[in-house]
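Okay, structure first, notes after.
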Amino acid sequence: MIDIEKIRTDFPILGERVYGKDLVYLDNGATTQKPKVVIDRMEEVFTRYNSNIHRGVHHLSDIASREYEQAREIVRGFINAGSTDEIIFNSGTTAGINNVACSFGERFVGRGDEIVISALEHHANIVPWQMLCERKGATLRVIPMSDDGELNIDHYKAILGKSTRLVAITHASNALGVVPPVKEIIAEARRLGIPVLVDGAQGVQHGVVDVRDLDCDFYVFSGHKVYGPTGIGVLYGKRELLDDMPPWQGGGDMVKSVTFEKTEYNDLPFKFEAGTTNYAGAIGLAAALEYIGAVGLEEIAAAEADLLSYATERLSAIKGVTIYGNSSCKISVISFLIDGVHQYDAGMVLDKMGVAVRTGTHCAQPVMERLGIDGTIRASFCFYNTRHEVDRLAEGIEKVIEMFR
Ligand code: PLP
C-alpha cells in the first residue's frame with residue numbers, strides 16, 4: 001500500500017495554493033509533476049558535472065557520459081529490453097514515432113503498402129503516418145471503435161494483410177483512458193510477421209511494462225509523463241529492425257568516420273542519436289524511473305484503479321454529467337461533459353476552485369469526431385492524488401452546474 005502522506009511530500013508542487021485554495025492537480029495525462037529526487041538530480045548535473053557527453057577526455061565529460069549510459073541501462077531494465085543498444089534517447093514520444101515513420105518508413109514502406117492505426121490515437125500517432133503515406137503512396141487504415149472507445153478487433157484482423165507494413169497502436173487512449181487489447185493486437189500482427197509500434201505515452205507510468213513480454217517491435221514514451229523532465233523520451237526498438245533502418249537525422253555522434261566522399265554510421269544506439277542529446281534530461285528520467293520503481297508499479301496501478309473507480313462512482317452520481325469511454329479496461333482518466341455547460345467554461349470555473357483539469361480535444365480530434373462532440377473535460381489521476389481530491393472535483397462540478405443552471 002502506498003503511504004500517500006509521504007508520497008505527497010515527495011512532490012514539492014503539490015503544496016502550492018491556487019487562488020487561495022490547495023492545488024488539486026488532475027492534469028497528469030498532459031504532464032506529471034516531478035518528485036524532489038528528480039529535481040535534485042537535475043540540479044546535481046548542472047552544479048557538479050555538466051559537460052557534453054561522449055566527446056571530452058576530461059573528468060566532467062567522463063562523469064556525464066557514464067551517468068548518461070547508466071541512465072540508458074536504467075531505462076532498459078525498467079521496460080525489460082534485452083540490450084541498451086535498443087534504447088534510443090530522443091525528445092519524447094512524438095520524436096520516437098517520427099523517427100520510426102521516417103527511417104523504418106524510408107526503408108520498408110512503398111507504393112500500395114498499408115499502415116494500420118486505430119481510432120483512439122493521439123495526433124502524434126496519426127500525422128507522422130499520414131505524412132509517410134503521402135510521401136510513399138501508401139494507405140492509412142484505421143481500426144474503428146465503438147461508442148465506448150473499444151476497438152473492433154474483428155475489423156482489425158480483417159484489414160491486416162500482405163500489404164500491411166506496420167501496426168501503430170496506443171497503449172492507452174489519452175482522450176478517454178481506454179486501454180485497447182494491445183497484447184492481442186501484437187500477437188495477431190506477429191502471426192503475419194508485421195511489426196508493431198506501441199505508443200506508450202500513456203502506458204509506461206501506469207503499471208509494469210515489459211517490452212519482451214508484449215513482444216512489440218517498437219515502444220515509445222515521454223519522460224515528462226512519467227515524473228521525469230521535459231524534452232526527453234525513449235524509443236525502444238528490436239535490434240534486428242533498428243540495424244536495418246537508416247539513420248533518421250545526420251550529425252555529430254551518429255557517425256564513426258566522415259569524409260566528403262562517404263560517412264560511416266555509428267553503431268546502435270548512437271546511430272539514432274544525432275547531435276547533443278538531452279543528457280541532463282536522460283539522467284533526470286532515470287531518477288524518475290528509479291523513484292517509481294521504489295514506490296512500486298503494482299502499488300501505483302492499484303492506487304490509481306481505486307481513484308478511477310471512486311471518481312467514476314462520484315461523477316456518475318451527478319445529474320447532468322456524461323462520461324465518455326465507459327470501457328471496463330481503463331487507465332485513471334475520466335473524460336466527461338456537463339449538460340448545458342461548455343467544457344471551457346467548466347474548466348475555467350474549476351480552475352478558480354484550485355482544480356486543474358484539461359479541456360478540449362486532447363490532441364485526439366478524430367476521437368471527438370467519432371463521438372460527435374467537440375471536446376471533453378478530462379480529469380487524469382495518478383498515484384499522488386487522493387479521494388479527497390476526487391471529492392473536490394465532484395464538489396466543483398456541482399458548483400459549475402449550480403452556476404450555469
Ligand atoms: N501519444 C499519446 C497517447 C499522448 O498522450 C501524447 C501526449 O499527450 C503523445 C503521444 C505525445 O507526447 P509528447 O508530446 O510528449 O511527444
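Dipole check for segment 168-262: with +1 at the C-beta of Lys and Arg, -1 at the C-beta of Asp and Glu, and the Cα centre as origin, the magnitude is about 100 Debye. Within the straight-line cut-off of under 23 Å between alpha carbons, the lysines reachable from residue 399 are 21, 319, 352, sequence neighbours fewer than 8 places apart in one chain being disregarded. For the pair residue 107 and residue 22, the difference between a 0.36 nm per residue extended length and the Cα-Cα distance amounts to 25.3 nm. Simple spin-label estimate for residue 249 and residue 83 gives 2.5 nm between the two label positions (7 Å along the Cα-to-Cβ direction from each Cα).
With the simple model of a label 7 Å out from the Cα in the direction of the Cβ, residue 405 to residue 391 spans 2.2 nm. Per the Debye formula with a single identical scatterer at each Cα and no solvent contribution, what log10 I(q)/I(0) holds for segment 147-217 at q = 0.13, 0.14, 0.19, 0.24 Å⁻¹? Values, matching the q order: -0.36, -0.42, -0.77, -1.15. Note on residue 152 and residue 230: the extension gain reaches 24.6 nm, defined as 0.36 nm multiplied by sequence separation minus the Cα-Cα distance.
Beta bridges per DSSP, both residues in the chain: antiparallel share near 60 percent. Taking amide H positions as modeled 1.01 Å from N, with prolines and chain starts lacking one, no residue 5 or more places away or on another chain lies under 5 Å from residue 177. Both radii are taken from the alpha-carbon atoms of segment 39-294; with Rh as the Kirkwood radius, Rg/Rh is 0.99. How much net charge surrounds residue 23 when only the other residues with a Cβ under 12 Å from the Cβ of residue 23 are counted, with Lys and Arg +1 and Asp and Glu -1? For residues surrounding residue 23, the net value is -1. Residues whose amide H falls under 5 Å from that of residue 383, counting only those 5 or more places apart or on a different chain, are absent, with hydrogens built in the peptide plane.
Scanning residues 5 or more positions from residue 172 or on other chains, those with amide H under 5 Å from its amide H are 202, with H placed 1.01 Å from N in the peptide plane. Extension gain, residue 373 to residue 190, is 62.3 nm, computed as 0.36 nm per intervening residue step minus the present C-alpha separation. From the alpha carbon centroid of segment 209-247 to that of segment 121-169 is 20 Å. May I ask you to list the lysines whose Cα is less than 22 Å away from that of residue 36, ignoring any residue fewer than eight positions away on the same chain? Of all the lysines, those that pass the test against residue 36 - Cα under 22 Å, at least 8 places apart if same chain - are 6, 225. Nearest 10 degrees is fine. How inclined is helix 343-352 to the longest principal axis of the chain, computing both from alpha carbons? Computed tilt is about 80 degrees. Anisotropy class assigned to segment 1-129 is oblate, per the alpha carbon gyration tensor with a/c at or over the 1.5 cut-off and a/b no larger than b/c. 3J(HN,Hα) along segment 4-9, derived from phi through the Karplus expression 6.51 cos²θ - 1.76 cosθ + 1.60 where θ = phi - 60°, amounts to 5, 4, 5, 4, 5, 6 Hz, with x in place of Gly and Pro. With the charge dipole of the chain set up from +1 on Lys and Arg Cβ and -1 on Asp and Glu Cβ about the Cα centre, the Cα lying farthest toward the positive end among the listed residues 42, 152, 318 is that of 152.
Positive contributions from Lys and Arg (+1) and negative ones from Asp and Glu (-1), summed over other residues with Cβ under 9 Å from the Cβ of residue 380, come out at +1.
Projected label points at residue 47 and residue 352, each 7 Å from Cα along the beta carbon direction, are separated by 4.1 nanometres. Residue-wise HN-Hα couplings along segment 387-396, as the Karplus relation 6.51 cos²θ - 1.76 cosθ + 1.60 with θ = phi - 60° gives them from phi, are 4, 4, 5, 4, 4, 4, 5, 4, 5, x Hz; Gly and Pro carry x.
The alpha carbon centroids of segment 248-315 and segment 1-74 are separated by 14 Å. Placing +1 on the Cβ of every Lys and Arg and -1 on the Cβ of every Asp and Glu, with no other charges, gives the chain a dipole of roughly 540 debye about its Cα centre.
Placing unit charges on each Cβ (+1 for Lys and Arg, -1 for Asp and Glu) gives the chain a dipole about its Cα centre, and among 58, 337, 129 the Cα reaching farthest toward its positive end belongs to 129.
Where in segment 30-68 is the amide nitrogen less than 19 Å from a point lying 7 Å along the Cα-to-Cβ axis of residue 127? Output list for this probe position: 30-31.
Across segment 153-167, computed HN-Hα scalar couplings (Karplus, 6.51 cos²θ - 1.76 cosθ + 1.60, θ = phi - 60°) run 6, 5, 4, 4, 4, 6, 8, 5, x, 4, 8, 6, 9, 7, 10 Hz from first to last residue, x flagging Gly and Pro.
Every read-out reported here was derived from the displayed coordinates using simple, explicitly stated rules and does not represent laboratory data. Since we're looking at a predicted model, the values are computed, not measured. Note: ideal-geometry Cβ built from the backbone for every residue, glycine included; neighbour counts use all protein chains shown.
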